[in-house]
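In what follows, a structure is listed as structure tokens, so that the remarks can point back to it.
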Amino acid sequence: MLRISVAAVLAAAVIPAMAQEKLEVKVAEFVGAQHFMTKWLMQWGEKLEKQSNGRLVFKHFPGAQMAPAPGHYDLARSGQADVSWFLHGGTPGRFPLTELISLPYMVGSAEIGTKTLNDRELRSKYLDAEHRGVHVLLLLTHQPGNVHTTKKPIRTVEDFKGLRIRFAAPTIRDFVAALGGTPVGVAPPDQLEMLQKGTLDGVFIDYGGAGIAFKMAGTLKHSTEMYSYVSSFGVAMNPDFYNKLPADLRKLIDQSVVGVEKEVGEGWDALDAIGKKLLVDGGDEVIRLSPAEDAKFRKAGQQVVDAKVQELEGKKLPARAVYGMMKSLSEKHAKNSKNFWTTR
């Protein structure tokens, strides 16, 4: 009896010690430390460190230190990183239903896009199943992007013809082609150099990305405001790491991303004015489409939508249902969220 009692006492002493153990959380970001999303993740980690009384300790690896951008999803899946921020479009075709959010003219702001992607029914019914091998913490989008060129201004659909335009997602690749341009796939860090060399005539990108993240001011000369697409991202945790955490820490982490859609979306949307000013200060001309031309661009965008939905339905994926749900959620959230289509 004495031996059993001693063993029980020792076990009881070990369990609290394990619960108080400091756990390092490695976070991978494919952009630099000054990027909004890296800053947000750093602040998120700091809050969790404080709430856990120092039991969670976050270590960040910005600037694609752990892998190039396309490899970030697998960093979390494999456990090389405990948490990673990844771009869905970095691995085309891997998240076909999630990437429907990137179809032309789906959402009018990052706030709307982020609220839409994190809808509980949409996530549980369709999107979470595409994120195999990770524990999804948050899905999000950046603010809608425009087309920017170095030499030829785009004022009409006809102006697109023959231009070599970098696309930001597979759906935008199809949009560029539908408009008569030549879509070119380029890794994000290589865009500026290719614009400067003339290998690219322009890029589809948001103002924040062009002006802040990739410092294109002075190189870009014309920005045609379409606010026509968003790219989608995810923040994911390695499931083994998550499942091994004490229950109270798992609860802390889950609660830390509840209700942050507006905060994250507003943060991205705020980059628009900052990035735009940087480009304009560098000599960029802002072009707004006439209502007639805007209608032509939207018609081309709808052709891309119809073709993509039909393509995925042909692969036995519920694309029509997902697109319909996303569109309905987008229209709902547009009523009480930032919307570049109505506020510019």
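Listing for the model above:
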read-out: Separation between Cα centres of segment 216-241 and segment 87-132, rounded to whole Å; value: 13 Å
read-out: Principal-axis tilt of helix 36-51 within the chain, Cα atoms, nearest 10 degrees; value: 20 degrees
read-out: Qualifying trypsin sites (Lys or Arg not before Pro) in segment 164-244, DSSP loop, other Cβ atoms within 10 Å at most 16; value: LYS215
read-out: Calculated from backbone phi, Karplus (6.51, -1.76, 1.60) coupling profile of segment 208-225 in Hz, x at Gly/Pro; value: x, x, 5, x, 9, 5, 10, 6, 8, 4, x, 8, 7, 10, 9, 10, 8, 7
read-out: Percent RCO, i.e. relative contact order, over segment 92-204, from Cα pairs under 8 Å lying at least 6 residues apart; value: 27 percent
read-out: Rel. contact order, % - alpha carbon contacts under 8 angstrom, at least six apart, segment 213-340; value: 41 percent
read-out: Derived scalar couplings ³J(HN,Hα) [segment 301-315; Karplus, 6.51 cos²θ - 1.76 cosθ + 1.60; whole Hz; x for Gly, Pro]; value: x, 5, 4, 5, 4, 4, 5, 5, 4, 5, 4, 6, 4, x, 9
read-out: The chain - accessible surface per residue (Å², probe 1.4 Å); value: 44 Å²
read-out: Crossing angle, helix 319-334 versus the chain [Cα axis fit, 0-90 degrees, rounded to tens]; value: 90 degrees
read-out: Anisotropy class of segment 191-240 from Cα gyration tensor, a/c 1.5 cut; value: prolate
read-out: Descending principal axes extents, the chain, alpha-carbon based, whole Å; value: 89, 43, 34
read-out: Amide H within-cut-off set for LEU138, under 5 Å, with H built and near neighbours excluded; value: VAL235
read-out: Degrees, to the nearest 10: 2-19 long Cα axis against longest axis of the chain; value: 20 degrees
read-out: Relative contact order (%) - criterion: Cα under 8 Å, at least six apart; region: the chain; value: 24 percent
read-out: Fraction of beta bridges assigned by DSSP in the chain that are antiparallel (%, nearest 5); value: 50 percent
read-out: Rounded percent of accessible protein surface that carbon and sulfur make up, the chain, 1.4 Å probe; value: 56 percent
read-out: Residues with amide H under 5 Å from that of MET226, placed H, sequence gap 5 or more; value: VAL147
read-out: Computed helical MRE - 222 nm, the chain, DSSP H runs ≥ 4 contributing -39500 (n - 2.57), nearest 500; value: -13000 deg cm²/dmol
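The values are calculated or read from the model by the stated rules, or taken from the named source; none is laboratory data. What you see is a predicted model, and the numbers here were worked out from it, not measured in a lab. Here the Cβ is made from the backbone with ideal geometry for all residues, glycine too, and neighbour counts use every protein chain on show. The area values use the complete protein model at the heavy-atom level, side chains included, leaving out ligands, DNA and RNA. Shrake-Rupley method; radii C 1.70, N 1.55, O 1.52, S 1.80 Å.
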